[in-house]
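The numbers here are math on the coordinates, done by the rules we state, and not lab data. Fair warning: this is a prediction, and the values are worked out from it, not measured in the lab. Quick reminder, even Gly has a Cβ in these numbers, built from the backbone with ideal geometry, and neighbours come from all protein chains shown.
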Amino acid sequence: MMRVFWCVSLVLSLGIAYYIYIPLPETVGEPWKLMLLDATIRSMFSVGSVVHALGLCHPIKFIRGSVKTLQNLSPVPSGGPKVHDTTFAGVDVRVYESSGVEQGKLKRGLIFLHGGGWALGSNKERSYDLLCRKMSEELKAVVVSVEYRLVPDVYFPVQYEDCLVATTHFLRPEVLALYSVDPAHVGISGDSAGGNLAAAVAQQVAVDESISVKLSAQALIYPVLQGVDFNTPSYMQNEKVPILYRRGMIQFWLQYLKADQSLVHQLLVNNHTAKDQEAVSKHRAKFDWTTLLSLEFHKKYKPVIPAKGTPNILEKLPALLDVRASPLLAEDEVLRRTPRAFILTCEHDVLRDDGLMYARRLQKVGVAVTSDLHADGFHGILSFFQPPTSFESGQRAVKNLISWLNDNL
Ligand SMILES: *[C@@H]1O[C@H](CO)[C@@H](O)[C@H](O)[C@H]1NC(C)=O
């Protein structure tokens, strides 16, 4: 009997170890913790597919529920800012009002847009809620965290429009006055897909003459900035590094654009931006990593620009050339008008080069940029600064973000 028990235990442990173990780059921080995190996320996706196959619920909704359960293990500190949920011109927002400001003194303002591939995440998710509380307290700011609608309820450009509507509403002088916010000190920030939305909204606010109060800072955390090259050195180098896989990022893009998931094969080989895709020619210099990345980031990679692509593929994906989806494709004249920027990137992230290229383009037109690259970081660290899922890189990312905002907002 005992022998059977030990045999079963051994097989089970080996099975679990095999499931958890994935080869990781040597320089990534706290690799075992990352493997556990990755295995947890992978199992959520697997169970999500089973639940979906059984007809029980949409896989995205299942994953959202699981993330929420996991995140609620982090406690909410007592005290802190005054928090309330409301709507800004019809868009749900959560407002954090710092408690530590003298009567009559104006506060800073900050719009925050959470990440999650335009499909996951929520302003109520514990890690985002804790981050916004912390930013509000430490920056003596009013933080507005936007609950824009998500896939599969809405698709591009609704996520962007929700964020723009909420931001424009907050920037109205009478609304800022209501919250005692100084119009000269309002910024925008977001991570991942939220960084994509923040960059796109910052561009639109900068050029829209009907918006009188302008943003004074943008803090983009490993932002998604382009859907035109899925073969940048960082996409290639980090193809299989958790928690964002190269194929997964392309799948998020296709979902956001309500396109057929089978296009993933064409996008993986850059068929949508092949030389024969005429609509792309006028944009090429704006995402040419061979000129926008410094040599150390070329690593061993060569640009992938096939001579012939899939015919008419961009007709199915016009948004990939739209600045509201791919803010890296904005013209210099637009970029020049955007506010000073903090761009956080991680070495072990498919999106590293999106951020580095944007930083370069902004610098070239004279925008002040702080580029903060985390050599041990992976995609998602900003959400991992609190137990039970805390990483050193995550704590450092939060610290650097707040310290930059403190000096620049
Ligand atoms: C990319 O386009 C070429 C030329 O049309 C085609 O032969 C090839 O099959 C396409 N690749 C994929 C993965 O669809």
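Note on the stretch 233-321: Cα Rg divided by 2.2 N^0.38 Å, N the number of residues, gives 1.12.
Charge tally for Gly90 (other residues, Cβ to Cβ under 13 Å; Lys, Arg +1; Asp, Glu -1): -3.
Return the subset of Lys33/Lys240; Lys33/Lys61; Lys82/Lys105; Lys214/Lys399 for which the Cα-Cα distance in this structure is over 23 Å, preserving the input order.
Those over the limit are Lys33/Lys61; Lys214/Lys399.
The alpha carbons of the chain give a radius of gyration and a Dmax of 21.5, 79 Å, in that order.
In summary, the aspartates and glutamates within cross-link reach of Lys275, defined as a Cα separation below 15 angstrom excluding same-chain residues under 8 places away, comprise Asp229, Asp288. Peptide packing: for 82-89, 280-287, the average count of neighbouring Cβ atoms within 10 Å per residue gives the ranking 280-287, 82-89, highest mean first. Measuring gaps between exposed loop sites in the chain (GluC sites (Glu not before Pro); DSSP loop; at most 10 other Cβ atoms within 10 Å), the longest gap, sites not included, is 210-409.
Distances between every pair of Cα atoms in the stretch 136-275, grouped in 5 Å steps from 0 to the bin holding the largest one, split as 2, 9, 17, 19, 17, 13, 10, 8, 5, 2, 0 percent.
Contact order for the stretch 132-182, expressed relative to its length and based on alpha carbon pairs under 8 Å spaced 6+ residues apart, stands at 28 percent.
When the C-alpha to C-alpha distance is required to be over 32 Å, the pairs from Lys134/Lys300; Lys107/Lys282; Lys124/Lys258; Lys124/Lys300; Lys300/Lys364 that qualify are Lys134/Lys300; Lys107/Lys282; Lys124/Lys300.
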